[in-house]
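Remarks on the structure that follows.
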Amino acid sequence: MQLKFYPYTLRLKKRFTISTHSRLTTPAVIVEIEHDGVTGYGEASLPPYLDEDQQSVISFLNKVNLNQFNNPIDLDSVIQKINETELGNNVAKAAINIALHDLVGKMLDVPLYRYLNILKKDDNFSSYTLSISDPKSLKERIKESSKYKFLKVKLGSKDDKKIIKTIRSVTSKLLFVDVNQGWSDKYFALDMIGWLKDQNVILIEQPLPKENLKDTSWLTERSPLPVIADETIKGFNDLHKIKNVYSGVNIKLMKAGGINQAYKMIQKSRELNLKVMIGCMTETSCAITAASHLSPLADWVDLDGAELISNDLFSGMKIIDGKIVIPESPGLGVNKLTN
Ligand code: MG
């Protein structure tokens, strides 16, 4: 197997603002693994709040020696060995993990969801994210996202109610709310959640700071809406600490360390009686399509990351009438676009 990788900068169509930061680009690293004339694609996406960056990903990938493996189809043991290269580095591991799944799916001539024994389902919808912005831009973005059934609204600003009222002036779609740790007081959070429930919001993601499990547990017990962990969870080993603290977890390939790792997180979450959202960073259609193969296993799906960028390198998963259409071609089912 031959490993190739290169840095790539994802350009956001619109400024992306959440409670903790604002940005116009997201650094990424694209990975290609070639074996017997077949190429598998993978991707690391590196928004600023992660512990990894392009340099750390490249440095990890430089340490991976794929020449020691002559049978990629023995995927679990290949992945295990790669993951043992060094602790952490989940985003770098995700990139290589995605590429290996793509390669093996292509070699076996089977789409990834079938390789994983996942059954497609009919009511598989993704949300579309509205980052924090002024009323005029919010309305424009709602217009542009007409094909989505759900909207995911970023809150945690001083104008939270105004943002929701603006959205409600133009659409009655069901809303997810993601606070990105933006509320600091549990009583304020509980009041807001009560108000949001009346606005047809169906879940609240990461309302309080990620380390504040005591107040989050208090809040979840009283909240009329499910409270979902995102920033609190960095990977599989964190899941046990949120049982009875959150109602569910947002699982992302980048944080999990790839496809089979995210699948294990889904299974563990079910054991812990946690609801599951499959989410993403801003990513190309490569990683988004990879995550879409797991989406039938989730209660909620937020896979709009490729829709938010203007320089997607791949085509793959599509949203048609709000529904996620998982590709039927082998592997991830992505095609690299020439640029
Ligand atoms: Mg989130």
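In region 258-281, of all residues being in a loop (DSSP other than H, G, I, E, B) and within 25 Å of Asp304 (Cβ to Cβ), the one that is farthest from the chain's Cα centre (by Cα) corresponds to Leu274. Scanning region 216-226 for residues that are assigned to a helix (DSSP H, G or I) and in contact with a Ser or Thr (Cβ under 9 Å, 6 or more places away or on another chain) yields a count of 2. With the checklist (1) touching a residue at least 60 places away in the same chain (Cβ under 8 Å); (2) farther than 20 Å from Gly235 by Cβ; (3) outside any strand (DSSP E or B) in hand, flag the one item Gln55 doesn't pass. Condition not satisfied by Gln55: (1).
Quick check, is Leu203 under 26 Å from Ser146 (Cα atoms), under 21 Å from the mean Cα position of the chain (by Cα) and surrounded by fewer than 20 Cβ atoms within 10 Å (Cβ to Cβ)? Taking the combined requirement at face value, the residue does not satisfy it. Output yes when any residue across region 81-95 is in a helix (DSSP H, G or I), touching a residue at least 24 places away in the same chain (Cβ under 8 Å), over 30 Å from Leu24 (Cβ atoms) and in contact with a strand residue (DSSP E or B) (Cβ under 7 Å, 6 or more places away or on another chain), and no when none is. No: region 81-95 contains no residue that is in a helix (DSSP H, G or I), touching a residue at least 24 places away in the same chain (Cβ under 8 Å), over 30 Å from Leu24 (Cβ atoms) and in contact with a strand residue (DSSP E or B) (Cβ under 7 Å, 6 or more places away or on another chain).
The numbered conditions (1) surrounded by fewer than 15 Cβ atoms within 10 Å (Cβ to Cβ); (2) within 16 Å of the ligand (Cβ to nearest atom) are all true for Phe188 except (2). Contact annotation: residue pairs with Cβ atoms under 7 Å, 6 or more positions apart or on different chains, pairing a residue in region 283-304 that is free of Cβ contacts under 8 Å to residues at least 60 places away in the same chain with a partner that is aromatic (Phe, Trp, Tyr), are Ser285/Phe314. Residues in region 175-185 that are more than 13 Å from the ligand (Cβ to nearest atom), more than 18 Å from Gly248 (Cα to Cα) and either at pLDDT below 95 or surrounded by 15 or more Cβ atoms within 10 Å (Cβ to Cβ) (or both): Trp183 alone.
Out of curiosity, is Ile278 within 16 Å of the ligand (Cβ to nearest atom), of a type outside the set (Phe, Trp, Tyr) and either modelled with pLDDT of 95 or more or crowded, with 24+ Cβ neighbours inside 10 Å (or both)? So Ile278 passes the test.
Looking only at residues of region 227-246 that are without any contact (Cβ under 8 Å) to a residue 60 or more places away in the chain and assigned to a loop (DSSP other than H, G, I, E, B), we find that the one that is nearest to Gly258 (Cα to Cα) is Ile233.
Within region 284-325, being out of contact with any Lys or Arg (no Cβ under 9 Å at 6 or more places or on another chain), within 14 Å of the ligand (Cβ to nearest atom) and assigned to a loop (DSSP other than H, G, I, E, B) holds for one residue alone: Leu303.
Only one entry in Lys106, Lys165 is surrounded by fewer than 17 Cβ atoms within 10 Å (Cβ to Cβ), part of a helix (DSSP H, G or I) and either within 22 Å of the chain's Cα centre (by Cα) or away from the ligand (no atom under 16 Å from the Cβ) (or both), namely Lys165. Taken as a whole, the structure leaves Lys255 outside the set of residues that are assigned to a helix (DSSP H, G or I) and away from the ligand (no atom under 15 Å from the Cβ).
Against the test of being out of contact with any strand residue (DSSP E or B) (no Cβ under 8 Å at 6 or more places or on another chain) and either within 15 Å of the ligand (Cβ to nearest atom) or without any contact (Cβ under 8 Å) to a residue 24 or more places away in the chain (or both), the options Lys268, Lys264, Lys214, Lys197 yield a single qualifying residue, Lys214.
The values are calculated or read from the model by the stated rules, or taken from the named source; none is laboratory data. Remember, predicted model here, so these are calculated numbers, not experimental data. Ideal geometry is used to build each Cβ from the backbone, glycine not excepted, and the neighbour counts take in all protein chains shown.
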